[in-house]
Amino acid sequence: MEKKKIYNVGDDIPKSLLLPLGLQHTFAMFGASVLVPILFGIDPGIVLLMNGIGTLLFIFVTKAKAPAYLGSSFAFLAPGLAIIKSQGFEYAQGAF
């Protein structure tokens, strides 16, 4: 049985893993950052802009010690739809 290595934030990732991990991250973030806004009827361009601003603020606040991309999440689907159904879209926008 092959032992799998766990990489921490400060570790250097082998070059052979950078492309597959980058592609996986791209597909995951694209789905969350484009599909979720489309499902809620929000302009994906605005969401991507706010994701970029949030990411830049995060990098500035943490002094670039924790690399991250702040984006949308599929976790917001159920509560967002529940708020829209019970209170209306305006209240869901406040929650977003």
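The figures follow:
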{"read-out": "Accessible-area order (highest first, 1.4 angstrom probe) of the listed residues VAL36, VAL9", "value": "VAL9, VAL36"}
{"read-out": "Kyte-Doolittle mean at least -0.5 and Cα axial length at least 20 Å: DSSP H helices in the chain", "value": "15-30, 44-61"}
{"read-out": "Residue (of LEU18, GLY94, ASN51) at the positive-pole extreme of the chain, dipole from beta-carbon charges", "value": "LEU18"}
{"read-out": "Centre separation in Å (Cα based) which lies between region 40-96 and region 11-31", "value": "22 Å"}
{"read-out": "Listed peptides 56-64, 78-86 by packing density, highest first (mean Cβ within 10 Å)", "value": "78-86, 56-64"}
{"read-out": "Shape category assigned to region 20-65 from the gyration tensor of Cα positions, a/c cut at 1.5", "value": "oblate"}
{"read-out": "Under the Debye formula (equal points on every Cα, no solvent term), log10 I(q)/I(0) of the chain at q = 0.14, 0.17 Å⁻¹", "value": "-0.69, -0.89"}
{"read-out": "Ellipticity estimate at 222 nm from DSSP helix runs (n ≥ 4, -39,500 (n - 2.57)) divided over the chain, nearest 500", "value": "-18000 deg cm²/dmol"}
{"read-out": "Solvent exposure of region 46-96 as accessible area per residue, Å², 1.4 Å probe", "value": "75 Å²"}
{"read-out": "With every protein chain in place, the chain: carbon and sulfur % of accessible area (1.4 Å)", "value": "70 percent"}
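The values are calculated or read from the model by the stated rules, or taken from the named source; none is laboratory data. These numbers come from a predicted model, not from an experiment. Positions of Cβ are backbone-derived with ideal geometry, glycine not excepted, and every protein chain shown enters the neighbour counts. Areas reflect the complete protein model, heavy atoms only, side chains present, ligands, DNA and RNA absent. Shrake-Rupley method; radii C 1.70, N 1.55, O 1.52, S 1.80 Å.
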